[in-house]
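The values are calculated or read from the model by the stated rules, or taken from the named source; none is laboratory data. On a predicted model such as this, the values are computed, not experimentally measured, just so you know. For neighbour counting, all protein chains shown are included, and Cβ atoms are generated from backbone atoms with ideal geometry for every residue, glycine included. When the accessible area is computed, the model is the full protein with side chains, heavy atoms only, and any ligands, DNA or RNA have been set aside. Shrake-Rupley method; radii C 1.70, N 1.55, O 1.52, S 1.80 Å.
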Amino acid sequence: MEDLLSHWSPASWRKKNAIQQVVYTDEEQLASILNQLSQQPALVTSWEIEALRNQLAEAAAGRRFLLQGGDCAERFEDCTVELIKNRLKILLQMSVILIYGLQMPVLRVGRFAGQYAKPRSDSHETRNGVSLPSYRGDNINAPAFTAEARIPDPQRLMQAYYCSAVQLNLVRALADAGFADLHNAENWNLSFAQGAPYIQSYQTIISKIHRALDFAKTVSDHPIGGLGRVTFYTSHEALHLPYEEVFTREVTHANAIYNLSTHMPWIGKRTLFADSAHVEYMRGIRNPVGIKIGHDMAPSDLIPLARFLNPLNDPGRLAMITRMGAAKVEDALPRLIEAVRGAGLNVLWCCDPMHGNTETAASGIKTRKFENILAELEAVIDMHARMKTILGGVHFELTGEDVTECVGGASGVEEEDLNQRYHSTVDPRLNVSQSLEMALRIAEKYQNMESA
Ligand code: PEP
Ligand code: CO
C-alpha cells in the first residue's frame with residue numbers, strides 16, 4: 001500500500017477498485033447534477049467535525065460513550081417532522097439511560113441526513129420468476145418492484161442533498177431549543193410502552209436523574225445552564241463515491257480537506273479491502289471514519305488497512321465497528337483485538353450487533369431477534385473487559401416508530417407479526433420499545449459489572 005505522502009485527491013479513488021458503484025444510463029445528466037451539487041453549500045462544518053474527532057478520542061480512552069443509530073436505509077418520504085422528531089427522541093432517551101448506566105457522557109451520532117446509498121449482496125432481485133436490478137437506496141433508484149423504478153436516476157442525488165439539508169436543519173433547531181431538556185416531560189412520556197416490564201426501571205432512572213438535577217440546582221442556587229441543548233452528529237456509509245467527491249472540500253483555515261456532507265462517514269463491510277476505492281477515498285479526508293468489520297476479517301488484512309487510514313495513529317480518527325454475529329464473537333474478536341494491540345494502534349472499538357444477526361423468517365421476510373442482538377452486545381462487552389480493552393460505542397439500526405421488523409424483547413413482536421408494520425426497505429430496525437429496552441439492558445449490564 002502507498003503511504004501518507006503519496007498522491008491523493010478527492011478523485012484518486014477513481015484509479016482503484018470501485019465496487020458497488022452505480023451504472024447510469026445518462027452519464028451526461030449525472031455529470032451535470034454532480035456539477036450542480038459541487039456548487040451547493042456544504043451540510044456540516046469543519047469545526048463540528050473537529051469537535052467530533054475530539055469526542056471520539058475521549059470515547060476511545062473510555063471517558064465518553066458513542067451511541068450511533070438510525071435507519072438502515074433512509075427514505076425521502078420519511079423526511080417528515082414527526083418521523084425525524086421521534087427518531088431524535090428515542091436516541092435522546094437511550095443516551096440518557098446510557099449516561100446513567102455507564103456514568104459518563106454520551107456522544108450521539110445519527111445514521112441520518114445522508115444514509116441513502118445501500119450496498120447489495122445481489123445485483124438482482126427475483127420475484128415470481130421476474131428478475132430486476134436490486135434497490136440500491138433512495139439516492140439511486142426506487143424500491144417498487146418495476147423495471148422503471150429500478151433504473152438509477154441521477155436526479156435522486158439532488159433530492160438526497162435537499163432531504164439531508166432539510167433534516168439537518170430541523171435536527172439542529174430542535175437540539176438547540178430545549179427539545180432535549182431533561183425536565184421536559186413530553187420527552188419522557190412512554191405511551192408506547194404501557195405495561196412493558198421495563199417501564200419501572202426506566203421510570204426509576206428518570207426520577208433519579210430529576211432528583212440529581214434538582215439537588216445540583218439547590219446546591220448551586222441557580223438553574224444549571226446548557227441542559228436543554230444537545231448535539232447530534234450525522235453519519236452515513238460513504239458508498240456513492242461520485243456524490244461524496246463533490247462534497248469533499250478544502251477548508252483553508254483548517255488547512256485540510258473534509259467531506260462536508262456528513263460528520264462521520266463509514267466504509268461498509270463489503271467495500272473494506274486493500275485496493276478498495278472506498279478506502280482510497282477515505283484516507284485523504286480529515287473526518288473521523290468508521291470501518292465495518294465482519295467475523296471473516298483477517299488480522300493481517302485489518303492492520304495495514306488501519307495504518308493506511310490512520311497513518312498518524314490519531315485516537316479520534318478511526319472507529320472499528322465490529323459486526324460479527326452473536327455466535328462468532330468468541331472466536332473472531334480476540335484475534336483482532338490482539339492484532340490491534342500488538343500493532344500499537346489507537347482505535348475506537350464499537351459494536352454493531354445488528355448486521356451479523358440478520359436471518360430470514362419462515363415467511364421469507366428478513367428479521368433479527370432482540371435476544372441475538374443483545375447477546376452479541378453482551379459478548380462484545382465481556383470480551384473487551386476480559387482483554388482489558390475499551391468498548392467505546394454501540395451502533396444500531398433503529399427507529400422511533402412502532403414498527404414490526406425485529407422480533408422479541410418486551411415488545412412481544414413475533415414472526416407472524418412481521419407483516420403488520422414492516423416499513424424498512426432493506427434491514428429490519430429495532431422499534432421504539434425495543435430500542436429503549438436495549439439501552440436499559442446495556443445500562444443494567446454495566447451496572448452489574450460495576451457491582452461485581
Ligand atoms: C449497514 O450498516 O447498513 C450495512 C450494510 O452494514 P455492513 O457494511 O456492516 O454490512
Ligand atoms: Co443495514
Some residue of region 259-268 being open to solvent by 30 Å² or more (accessible area, probe 1.4 Å) and at pLDDT 95 or above: no
Residue list for region 73-90, restricted to those being surrounded by 22 or more Cβ atoms within 10 Å (Cβ to Cβ) and within 16 Å of ligand 1 (Cβ to nearest atom): Ala73, Glu74, Arg87
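Can you say whether His210 is outside any loop (DSSP other than H, G, I, E, B) and either among the β-branched types (Val, Ile, Thr) or open to solvent by 10 Å² or more (accessible area, probe 1.4 Å) (or both), as far as the supplied structure shows?
yes
Checking the conditions here, which among Val394, Val407 is buried (at least 17 other Cβ atoms within 10 Å of the Cβ), under 23 Å from the mean Cα position of the chain (by Cα), β-branched (Val, Ile, Thr) and within 16 Å of ligand 2 (Cβ to nearest atom)?
Result of the check over Val394, Val407: Val394.
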Conditions (1) touching a Leu at 6+ places or on another chain (Cβ under 6 Å); (2) part of a strand (DSSP E or B); (3) within 16 Å of ligand 2 (Cβ to nearest atom); (4) not aromatic (Phe, Trp, Tyr); number of the one not met by Arg108: (3)
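Condition check ((1) within 16 Å of ligand 1 (Cβ to nearest atom); (2) in contact with a helix residue (DSSP H, G or I) (Cβ under 6 Å, 6 or more places away or on another chain); (3) more than 21 Å from Arg136 (Cα to Cα); (4) at pLDDT 95 or above) across all residues:
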position	(1), (2), (3), (4)
Leu333	yes, yes, yes, yes
Pro353	yes, yes, yes, yes
Ala375	no, yes, yes, yes
Ala379	no, yes, yes, yes
Ala385	no, no, yes, yes
Leu398	yes, yes, no, yes
Gly408	no, yes, yes, yes
Gln420	no, no, yes, yes
Arg429	yes, no, no, yes
Long-range neighbours under 7 Å by Cβ, at least six apart or interchain, first residue over 11 Å from Val279 (Cα atoms) within region 6-24, second in a strand (DSSP E or B) and of a type in the set (S, T, N, Q): Pro10/Thr248
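Tally time: how many residues in region 385-443 are within 23 Å of Ser134 (Cβ to Cβ) and without any contact (Cβ under 8 Å) to a residue 60 or more places away in the chain?
First, the residues of region 385-443 that are within 23 Å of Ser134 (Cβ to Cβ): 397, 399, 403, 405-406, 418-419, 422-429.
Filter once more, keeping what is without any contact (Cβ under 8 Å) to a residue 60 or more places away in the chain: 403, 405-406, 418-419, 422-423.
Within region 385-443, residues that are within 23 Å of Ser134 (Cβ to Cβ) and without any contact (Cβ under 8 Å) to a residue 60 or more places away in the chain number 7.
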Near pairs, Cβ below 6 angstrom, 6+ apart or cross-chain, from region 294-310 (within 16 Å of ligand 2 (Cβ to nearest atom)) to any residue that is open to solvent by 20 Å² or more (accessible area, probe 1.4 Å): Gly294/Lys269
Qualifying residue in region 335-354 (condition: open to solvent by 10 Å² or more (accessible area, probe 1.4 Å), of a type outside the set (S, T, N, Q) and in contact with a Lys or Arg (Cβ under 6 Å, 6 or more places away or on another chain)): no
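Can you confirm whether Gly62 is in a loop (DSSP other than H, G, I, E, B), within 12 Å of Tyr233 (Cα to Cα) and open to solvent by 10 Å² or more (accessible area, probe 1.4 Å)? Spell out how you get there, then give the answer.
Details: in a loop (DSSP other than H, G, I, E, B): yes; within 12 Å of Tyr233 (Cα to Cα): no; open to solvent by 10 Å² or more (accessible area, probe 1.4 Å): yes.
No, not satisfied.
Which one of these is in contact with a Ser or Thr (Cβ under 9 Å, 6 or more places away or on another chain), open to solvent by less than 60 Å² (accessible area, probe 1.4 Å) and more than 19 Å from Val166 (Cβ to Cβ): Trp13, Trp8?
Working: Trp8 fails: in contact with a Ser or Thr (Cβ under 9 Å, 6 or more places away or on another chain).
None of the others qualify; the one that does is Trp13.
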